Amino acid sequence: MQITGNMILITGGGSGIGRGLAEAFHKLGNQVIIAGRRKQVLDETTAANPGMKSAILNIEDAKSIREFAAQMAADYPSLNVLINNAGIMKMEKLLSQQENLEDAEATITTNLLGPIRLTAALLPLFQKQPHATIMTVSSGLAFLPLAMTPTYCATKAAIHSYTLSLRYQLQKSNIEVLELAPPYVATGLTDQSANDPRAMPLADFLSEVMEIIKTQPTPNEILVERVKQLRFAEKSGHFDAAFKGLNEAMAGDH
């Protein structure tokens, strides 16, 4: 991935990993547009980073995504990087869900359908650019699921699979496809993660990620060292033990 001279759209760019990536790319001289639902959060981020742009996006609504993409193409015809970062993570007790599947359905809509819809809507614009990049944000939990967040983990596994297929279909095009798979990072994605000592500090995560992105060629999967025990648990032959260990450790908190 070229690390400067881009026009970059980052969904969920007002907080957490999205904001961190936005600020890192902004400092490298890229034009960054952050998108999300919460105007106040977007405004706070752009105010702290003069020159950064923002746009409201309802990632759950298919019609809104199409309209948003058309507006992006009109306002930013040189847009050439999409980072599909927006996501939600909900704890689910499957035995008590019964007919109330609102959390599961919202998670699928935001984490899976949202990136698929936005990618599809922006592909015609990206095909016109000299070089373009699509980055999906999956998770270490795509490869070793946390049982208390079953739908979240399933959507991240699906995004990993989708990314593989997208990369294969675009391999002869001008569009590079990357996947960022974070470990447990202190972002506030869940109520406890912001202050959990077990979570990787956000600044450390971002520093390691940006160093990997600067590598030429950038690897298809952007993996910090801390996530590799999840990513390669099955390959290493330790999946069952790692799955049990992860879930027993986290179950103690709930």
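The values are calculated or read from the model by the stated rules, or taken from the named source; none is laboratory data. Note that the coordinates shown come from a computational prediction; the quantities given were computed from them, not determined experimentally. With ideal geometry, Cβ positions are generated from the backbone for all residues, glycine too; neighbour counts draw on all protein chains shown.
Here are some notes:
- Filter result (at pLDDT below 90 and either among the aromatic types (Phe, Trp, Tyr) or under 17 Å from the mean Cα position of the chain (by Cα) (or both)) within region 193-217: 193
This table checks each residue for (1) surrounded by 22 or more Cβ atoms within 10 Å (Cβ to Cβ); (2) within 13 Å of the chain's Cα centre (by Cα); (3) not in a helix (DSSP H, G or I).
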position	(1), (2), (3)
124	no, no, no
135	yes, yes, yes
141	yes, yes, no
154	no, no, no
160	no, yes, no
164	no, no, no
171	no, no, yes
178	no, yes, yes
183	no, yes, yes
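- The conditions of being among the aliphatic types (A, V, I, L, M) and over 17 Å from residue 115 (Cβ atoms) are not met by residue 55.
- Residue check for residue 31: surrounded by fewer than 17 Cβ atoms within 10 Å (Cβ to Cβ) and modelled with pLDDT of 95 or more: no
- Members of region 204-254 found to be in a helix (DSSP H, G or I), farther than 30 Å from residue 28 by Cβ and of a type in the set (D, E, K, R), listed by number: 240, 244, 248
- Some residue of region 223-234 being out of contact with any helix residue (DSSP H, G or I) (no Cβ under 8 Å at 6 or more places or on another chain) and small (Gly, Ala, Ser): no
- Within region 74-99, considering residues that are of a type in the set (A, V, I, L, M, F, W, C) and not in a loop (DSSP other than H, G, I, E, B), the one farthest from residue 30 (Cα to Cα): 95
- Of all residues in region 48-61, those that are over 15 Å from residue 13 (Cβ atoms) and crowded, with 17+ Cβ neighbours inside 10 Å have Cβ atoms under 6 Å from Cβ atoms of residues that are at pLDDT 95 or above and of a type outside the set (Asp, Glu), 6 or more apart or on another chain, in 60/109; 60/110.
- Residues satisfying the criterion are absent from region 227-240 (criterion: surrounded by 14 or more Cβ atoms within 10 Å (Cβ to Cβ), in contact with a strand residue (DSSP E or B) (Cβ under 7 Å, 6 or more places away or on another chain), among the aliphatic types (A, V, I, L, M) and touching a residue at least 12 places away in the same chain (Cβ under 8 Å)).
Yes or no, residue by residue, for (1) under 25 Å from residue 220 (Cβ atoms); (2) touching a Gly at 6+ places or on another chain (Cβ under 6 Å); (3) of a type in the set (D, E, K, R):
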{"position": "34", "(1), (2), (3)": "yes, yes, no"}
{"position": "47", "(1), (2), (3)": "no, no, no"}
{"position": "63", "(1), (2), (3)": "no, no, yes"}
{"position": "69", "(1), (2), (3)": "yes, no, no"}
{"position": "84", "(1), (2), (3)": "yes, no, no"}
{"position": "91", "(1), (2), (3)": "no, no, no"}
{"position": "96", "(1), (2), (3)": "no, no, no"}
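- Hits in region 1-48 - residues which are assigned to a helix (DSSP H, G or I) and within 16 Å of residue 134 (Cβ to Cβ): 18, 21, 25
- Only a single item in (1) touching a Leu at 6+ places or on another chain (Cβ under 7 Å); (2) assigned to a helix (DSSP H, G or I) is not met by residue 71, and it is number (1).
- Test: residue in region 108-121 that is free of Cβ contacts under 8 Å to residues at least 24 places away in the same chain and either in contact with a strand residue (DSSP E or B) (Cβ under 9 Å, 6 or more places away or on another chain) or part of a helix (DSSP H, G or I) (or both): yes
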